Amino acid sequence: QVIQYLSSQKTQVYGLSYQNRLVPPSQEEMEKNLTFLGLVAFMQLPYPDSKEMIQSGLDAGLKIIMMTDKDRDAASDIAQELGLIQDKNAVATKEDLDGFIAEHSDATIVVERLRVYSRPSPEHKLNLVQSLKRYGLSIGFCGKSPKDLRAMRAADVSFASVFRSS
């Protein structure tokens, strides 16, 4: 009933579980032998509150990087309105990212200049997470599909929507 109520209130509800393992589990093992820890709910906030929360995180020193399935222009517009970037030069597309991480393995340009990634591939997401970790940052990653699992495993903290195998 709680999940139904929260879902009807435009809230995303995530179940948290734990698995004590010495090695990363395969995708098939991800849903077996879990210890349920609880639920976390993320409420969709009105736009001004979202902008304020993002600004608060930035003021606290967080480096917020946005990865989206939106095209470059839409991603740029959203990120500019949220205060993540100042201009479209801080947006990289999937095409821009091909070979980019290999050329800039120190991640300085990623942390200091590029903050928005438009339509990155699962491999790009993984490379970005690994590059940022090499730079010495702690990484949180919110995955939306099974294709995000590799990047999620590489991150220090991960959240995920429910993945269903077909």
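Comparison of SER138, SER158 shows that the only residue that is in a loop (DSSP other than H, G, I, E, B) and modelled with pLDDT of 85 or more is SER138.
Restricting attention to the range 128-156, the residues that are among the aliphatic types (A, V, I, L, M) and closer than 15 Å to VAL116 by Cα add up to 3. Annotation note: of ARG72, ARG153, the sole residue that is in contact with a Pro (Cβ under 6 Å, 6 or more places away or on another chain) and modelled with pLDDT of 85 or more is ARG153.
Of the residues MET53, MET30, the single one that is open to solvent by 100 Å² or more (accessible area, probe 1.4 Å) and either modelled with pLDDT of 80 or more or not polar (S, T, N, Q) (or both) is MET53. Give the range 110-158 a look and list any residue that's under 15 Å from GLN27 (Cβ atoms) and open to solvent by 40 Å² or more (accessible area, probe 1.4 Å), or say none. Across the range 110-158, the qualifying residues are PRO122, PRO146, LYS147, ARG150, ARG153, SER158.
The values are calculated or read from the model by the stated rules, or taken from the named source; none is laboratory data. Small disclaimer: the values here were computed from a predicted structure and weren't measured. Note that each Cβ is placed from the backbone with ideal geometry, even for glycine, and that neighbours are counted across all protein chains shown. All accessible areas refer to the heavy atoms of the entire protein, side chains included, with ligands and DNA or RNA removed. Shrake-Rupley method; radii C 1.70, N 1.55, O 1.52, S 1.80 Å.
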